[in-house]
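Reviewing the structure listed below.
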Amino acid sequence: MILLVQKFDKFYSKLENFHHHKHNHQSQALTASLEAFKSHVSNCLNKLSLSSKSGFEIPSFSWIQQCFELLPIINHAFAKLVVAIDYPVSKWEAASVDEYLKYSLNLLELCNSISSSLSHLGKARLSLAHALSLVENSSLSLALKHLKPIQPKGLNKELRFQGNEEIGKPRCPNISKQAVIDQALVVMQGMVFWVCGILMSGLVGEAKPYLEMRSSGGRFVDSWLPGLDLRASEVIVERNGVLKEVKELDDAVAGLAAAIGTGKSSDEAAEELKRRLEGFAKLVEGFGKEVDCLFNKVLAGRNQLLNGLGQQKQ
């Protein structure tokens, strides 16, 4: 009987060690997947940091487009993480599903805000193009009324997208698939909103959007790339978010208006403005297509998720 008990204890001990080893292996794999996701996001920011040496001196359209291109990359990295740990949305806790749906809705709203700002810049360009045609038709006094610097369009609403503070907080010492999703959600939201703050400040020509949204992701940026958030903040506040191409357009407008006002030949100034307007039109149009593409992808994914959740409840 004693021998039987000893054998049972030995077997139970081996079984316990097996489960412990298996659990440790799973925890290590989950931790590795989460760290790989964070590393990918960090590398994206690092590229942005390297390009920011010139971009932050005078923020340009091309640089904020680089910022925007991070958004689908980060979203894709999160989707890959979900697949890598084999934890589909159907298994998530309700709070995490709600947080993701809120995030996707906020991202759609941000895309709409970006599109609205691009539309405003497009209309301003058309007004200047009209002024240029008046100059070419020798209607100089009328042209002067339209030769005005581009006026920034303020936002209709505040951009304060704060995630659920409870999501992502470690609830136990052992990492789980749910914990990985929650932590990744926090990182994704923080990074996306931080980048969008830079974008919106550049497009509307004021620092307010960045200052409102930096609290969502600034702490992550500084923890991975110390000084990047501070450098962005200093330059955006100092330059009030005005883009290089907008400033160049305004300078060309001022040059043409001055030439007309002093009675000098305006041919050279008009040609300069025409060249700037043509380049600006291509930038606005190209950026607009990228924004529309992301909006459609996010909307399609959100609708697919909602449809799937609806079918589960039936």
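Observations, loosely collected:
- Residue exposure proxy: Tyr87, Tyr103, ordered by other Cβ atoms within 10 angstrom of their Cβ from fewest to most, comes out as Tyr87, Tyr103.
- Local electrostatic count, Trp92, Cβ distance below 13 Å [Lys/Arg +1, Asp/Glu -1]: -3
- Couplings for region 187-195, taken from phi via the Karplus curve 6.51 cos²θ - 1.76 cosθ + 1.60 with θ = phi - 60°, read 5, 4, 4, x, 5, 5, 5, 5, 5 Hz in order; Gly and Pro are left as x.
- Estimated at 0.36 nm per residue, the fully extended path between Ser119 and His25 surpasses their Cα-Cα distance by 28.6 nm.
- Ascending count of other beta-carbon atoms within 10 Å, so fewest first, for Cys293, Cys67, Cys196: Cys293, Cys67, Cys196
- Maximal additional length on extending the Ala258-Asp292 stretch stands at 8.4 nm, based on 0.36 nm per residue less the C-alpha distance.
- Inter-label distance for Ser139 and Ala32, nm, one decimal - labels placed 7 Å from Cα along Cα-to-Cβ: 7.0 nm
- With a Förster radius of 25 Å applied to the C-beta separation of Leu211 and Ser127, the computed FRET efficiency comes to 0.30.
- Listed pairs Lys123/Lys247; Lys145/Lys208; Lys153/Lys247 exceeding 21 Å between Cα atoms: Lys145/Lys208
Read the figures in this text as sums done on the coordinates, not as results from a lab. Being a predicted model, the structure only gives us computed values, none of them experimental. When we count neighbours, we look across all protein chains shown, and the Cβ atoms used for this are built from the backbone with ideal geometry, even at glycine.
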